[in-house]
1. With no solvent and one equal point scatterer placed on each C-alpha of the chain, evaluate the Debye formula and give log10 I(q)/I(0) for q = 0.13 Å⁻¹, two decimals.
2. Just order 291-300, 16-25, 213-222, 125-134 by mean Cβ neighbour count inside 10 Å, highest at the front, would you?
3. Need one number: nm distance between label points at Ala259 and Thr58, each 7 Å from Cα along Cα→Cβ, rounded to one decimal.
4. Looking at the stretch 175-219, which trypsin sites (Lys or Arg not before Pro) are in a loop (DSSP not H, G, I, E or B) and have at most 15 other Cβ atoms within 10 Å?
5. Roughly how many Å² of His123 are accessible to a 1.4 Å probe, to the nearest 10?
6. Highest mean first, what order results for 75-85, 99-109 on Cβ atoms within 10 Å?
7. Roll a 1.4 Å probe over the protein chains and send me the accessible area per residue for the stretch 83-216 in Å².
8. Let me have the 222 nm mean residue ellipticity of the chain computed from DSSP H runs of 4+ only, each contributing -39500 (n - 2.57), with the sum over all residues rounded to the nearest 500.
Amino acid sequence: MTEIDALVVQPILPDQMAALDRTYRLHRYDSAPDKAELLRGVGDRIRAVVTTGGRGFTAELLARLPALEIVASSGVGTDTIAVDACKARGVAVTNTPDVLNDDVADLGIGLVIAAMREMPKGHDYVRSGDWGRQGMMGFTTTLTGKTLGIVGLGRIGTEVANRATALKMRVAYTGRRRQPVDFDYYPSVEDLARAADVLVLTCPGGPATRGLIGAAELSALGPKSWLVNLARGSVVDEPALIAALESGGIRGAALDVYASEPNPDPRLTRLPNVVLYPHHSSGSIETRTRMSQMVVDNLAAWFGGRPLLSPLFAIETPAFDIRELQR
Ligand code: 8YV
């Protein structure tokens, strides 16, 4: 059988890499000392790309891979992947939706609790001995009865909403359209921000949402409320966020994502009213294993002539070519 050449732009987990290695001829672009030389050697034979949402896949690299059929990415976000260019060339793109919803939503609620109940401060208070020296820590803020506003009530936003409801919070949301749910809908982000005690971002990244949360939305959120970003750093105008946090324009923020990763703006990381997490909301071993397995399964479906599990756009899997077996 003709072996299928696959380019590893970013590896997935070791067990799933081993599974790929048994099936495909893997070429390690991620660790190649000379990437241009690797592409000169195998670029025109590459039929599959393995990557992650973190590393992505560029239109420049696509142009170097004339035989490419499919890009399989680990991660639900596709803002780092040249999806339109792939679509125009008829190259399939797959991501890993759904399997990470629970972990991302858990972490989101964790950040809400950490911010409103000041968990990092409490941790430091005990660890530093301040508790013994100064007595009871200052009061924090209850979640019960507060309004959690969700920007983007998709698969992850819905799981955040379910958890917030269990915590006896009131849930409101904004998005492109009203949905058949019991939560209050606000057509504008600014109006939702005004109503929210904590605004949680779960919308996709990319050009459509760039700078969606700017000075006006932060001012609507106001000095008593928090911002929690589970989406992408690009969704927030970060200088405006830093200004609002520094001036007390908003009460605080809890962030999993940043404009510049993995080295966020030091002004942001120094602020006492910010809870920080390293873009790791789907980062449990169980969920990352499921995400990696989806990459393996999507490639197996494509090269086995079966429908893809999670295509980003409609594309027909080529019929299995029996001649490949006879070569
Ligand atoms: C991952 C994510 O950290 O799925 C996403 O879109 O942001 C995260 O789950 C990332 O994709 C890993 O590369």
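1. At q = 0.13 Å⁻¹ the computed log10 ratios are -0.97.
2. Details: 291-300: 22.9, 16-25: 15.9, 213-222: 20.1, 125-134: 11.3.
Final packing ranking: 291-300, 213-222, 16-25, 125-134.
3. 2.2 nm
4. When the trypsin sites (Lys or Arg not before Pro) of the stretch 175-219 are filtered for loop state and at most 15 Cβ neighbours within 10 Å, Arg176, Arg177, Arg178, Arg210 remain.
5. Surface open to solvent at His123 totals about 100 Å².
6. Order by mean packing, descending: 99-109, 75-85.
7. Heavy-atom accessible area per residue stands at 51 Å².
8. Calculated at 222 nm, the ellipticity per residue is -11000 deg cm²/dmol.
The values are calculated or read from the model by the stated rules, or taken from the named source; none is laboratory data. Note that the coordinates shown come from a computational prediction; the quantities given were computed from them, not determined experimentally. Using ideal geometry, Cβ is built from the backbone for each residue, glycine included, and neighbour counts are taken over all protein chains shown. These accessible areas exclude ligands, DNA and RNA; they are computed on the full protein's heavy atoms, side chains included. Shrake-Rupley method; radii C 1.70, N 1.55, O 1.52, S 1.80 Å.
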